[in-house]
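Remarks on the structure that follows.
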Amino acid sequence: MRRYLLFVALFVLFLVEGTIVQWVLPASWQSSVMVTPHPLFVGVLLISLFQGRHQGLAYGLGFGLLQDFIYYGHALGVYSFSMGLVGYVFGLVFRSSASGVVIGLIAAMLGSFAYDSLVYGIYLVFLRVVHLDYQWTFLHQILPSLLINGLVALLLYIPMRRLVEFVNVDRESEEK
């Protein structure tokens, strides 16, 4: 039963991202910059750091596809591909390092940059629906989102770490 807790936790983050996050951000922040917190993506990235690249890929593809269907229906696969790829790569890159809070924060911020830049690139190159310069997008959307996702990573790091350890204890006892 414990093995489903990671899925449930990510589903709760999916619901939080789609509902509560919109109310938490002040409207004045949205006038000059576009702040887009991604608690679900940060959760997938942390699971990728703690569990490995394959878990990051699986959860990234699954929940990214769910985001594509629910929130961004005009182009399926953009968020699924981006979340799965970044989850896989960061699980691969950070697999040998000790997963401390600082490493988690750095990974979340770099991952947020990679994720938002990849989504921007896909919309620009393949779908041709973005007509904004990357410099403007970086300063007004990616950088503020990167900072907010860093704060989200600080909030989620300890609970996600404990949840992964709780799930892993159950898996180890089942294997014996």
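General remarks:
- Residue within segment 91-98 that is without any contact (Cβ under 8 Å) to a residue 24 or more places away in the chain, within 20 Å of GLU165 (Cα to Cα), surrounded by fewer than 19 Cβ atoms within 10 Å (Cβ to Cβ) and of a type in the set (A, V, I, L, M) present: yes
- Filtered residues of segment 8-29 (kept if surrounded by 13 or more Cβ atoms within 10 Å (Cβ to Cβ) and of a type outside the set (A, V, I, L, M)): PHE11, PHE14, GLU17, GLY18
- Counting the residues of segment 38-61 that are assigned to a loop (DSSP other than H, G, I, E, B) and surrounded by fewer than 22 Cβ atoms within 10 Å (Cβ to Cβ) gives 1.
- Here segment 145-166 is the region considered, the condition is being surrounded by 19 or more Cβ atoms within 10 Å (Cβ to Cβ) and more than 17 Å from PHE113 (Cβ to Cβ), and the residue that is modelled with the lowest pLDDT is VAL164.
- Any hit, segment 73-96, residues being small (Gly, Ala, Ser), under 11 Å from the mean Cα position of the chain (by Cα) and within 18 Å of LEU156 (Cα to Cα): yes
- Residue match in segment 32-39 (condition: among the hydroxyl-bearing types (Ser, Thr, Tyr) and closer than 23 Å to HIS140 by Cα): yes
- The condition (being under 22 Å from HIS140 (Cα atoms) and small (Gly, Ala, Ser)) is satisfied by just one residue among SER112, SER80, SER48: SER112.
- Taken together, the residues in segment 72-130 that are of a type in the set (S, T, N, Q) and assigned to a helix (DSSP H, G or I) amount to 4.
The values are calculated or read from the model by the stated rules, or taken from the named source; none is laboratory data. What you see is a predicted model; the values in this text were computed from it and never measured. Ideal geometry is used to build each Cβ from the backbone, glycine not excepted, and the neighbour counts take in all protein chains shown.
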